[in-house]
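Worksheet: the structure to be examined is printed underneath.
The values are calculated or read from the model by the stated rules, or taken from the named source; none is laboratory data. Because the structure is a prediction, the values reported are computed rather than measured. Neighbour counts run over all protein chains shown; Cβ positions are idealised from the backbone, glycine included. Heavy atoms of the whole protein, side chains included, go into the accessibility calculation; ligands, DNA and RNA do not. Shrake-Rupley method; radii C 1.70, N 1.55, O 1.52, S 1.80 Å.
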Amino acid sequence: MSKPKAVIAYPVPEDVVEFVREHCDLKVLDFSKPVNLETIKDKIRDAEGMVILGLRIDDQLLDHAPKLKVASNITVGYNNCDVEAMKKRSVLCTHSPGVLDETVADFVMGLMISAARRLPELDTFTKEGKWVKGDMSELFGRDVHHSTLGIIGMGRIGEAVARRAKFGFEMDVIYYNRSRKEAVEKELGITYKPMDELLAEADFLVTLTPLTAETAHLIGERELDLMKEGSFVINASRGPVIDEEALIKALQSGKLAGAGLDVFEKEPLPKDSPLLSMKNVVTTPHIAAGTHQTMANLAWTAARSMVEVLETGTSKNIVPEMK
Ligand code: GLV
């Protein structure tokens, strides 16, 4: 029996490539060029399965991949996939939940501490040889421990952040989620708040929702206005969950003391973004899940899900809207 045809469209560890090769007739793309529709359209004509990261799967791409049965996201977020267009053509979409939660939660704590304690600024200051004995108060930050953390989106990553904040930093953790999570409230000692109350009480706001039509610009000018003077915004979910222009204004006016941002409305962040020249904003290149261990586990999960769909027609990692 001939093997199904597959394409790996993102660099993954060699053992993952070997695994897919055992099960599929595999094409690995050339990663010296950017992977986008233009550069890959001739290579996906007969692909039945694809392992992807960030590649937009929509009608335009699907027109070039008429045999496709499954697009398997290395990520947990799959807003790069037009699920409706895929459904119409019976192409399954899988993602990789439950793999990166702890790693991303570590990173969120890192962004929070970096922004509040101004670590990048302090690093530059020290390395530039500016450290002389004397008054250091210009460099002081804000306490993270025992402050109030407001989490919007209490999924697996939200829980992992709440656990760290509550038990590691003894923070007061409040959260908003579409549905209340009473078991989690009990287990972690956290409190549900309607969104506007949460915004008014949080010293640190962390957004951890997937990007959907409902969550796009969930945090805009009105919501930022409700926040405390001198509070912080941390985003490691998807950029468009926050209206970036409104966020920039709130940072420029001094309403917000700072921000820690791993994700942006446009990625890579344009070179002329005002965020790049703000000392009180910590920026990172959408890399919260980026440890060697977690990225390898994510690649394994996506590869296994793709092979599973090609061999059995289904996978436990098919995205919720398709189940
Ligand atoms: C990373 O951004 C992910 O969605 O897994």
Tell me, yes or no, whether segment 88-96 has at least one residue that is under 15 Å from the mean Cα position of the chain (by Cα), within 16 Å of the ligand (Cβ to nearest atom) and surrounded by 22 or more Cβ atoms within 10 Å (Cβ to Cβ). yes
Please enumerate the residues belonging to segment 53-74 that are surrounded by fewer than 22 Cβ atoms within 10 Å (Cβ to Cβ) and near the ligand (Cβ under 9 Å from one of its atoms). Leu53, Gly54
Of the residues that sit in segment 298-323 and are among the hydroxyl-bearing types (Ser, Thr, Tyr) and farther than 16 Å from Val12 by Cβ, which one is surrounded by the most Cβ atoms within 10 Å (Cβ to Cβ)? Ser315
Those residues that are touching a residue at least 60 places away in the same chain (Cβ under 8 Å) and of a type in the set (D, E, K, R), I need them from segment 37-81; list them, please. Glu48, Lys67, Lys69
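Could you tell me whether segment 249-262 includes any residue that is among the acidic types (Asp, Glu), in the same structural domain as Val108 (by TED's automatic domain parsing) and surrounded by fewer than 21 Cβ atoms within 10 Å (Cβ to Cβ)?
Start the filter on segment 249-262 by keeping residues that are among the acidic types (Asp, Glu), which leaves 262.
Still in the running and in the same structural domain as Val108 (by TED's automatic domain parsing): 262.
Narrowing the set further to residues that are surrounded by fewer than 21 Cβ atoms within 10 Å (Cβ to Cβ) leaves none.
Checking segment 249-262: not a single residue is among the acidic types (Asp, Glu), in the same structural domain as Val108 (by TED's automatic domain parsing) and surrounded by fewer than 21 Cβ atoms within 10 Å (Cβ to Cβ).
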Across segment 231-268, which residue is farthest from the ligand (Cβ to nearest atom) among those that are assigned to a helix (DSSP H, G or I) and of a type in the set (Asp, Glu)? Glu245
Checking Lys228 against (1) open to solvent by less than 80 Å² (accessible area, probe 1.4 Å); (2) closer than 30 Å to Val99 by Cα; (3) assigned to a loop (DSSP other than H, G, I, E, B): exactly one of these is not met. Which one? (2)
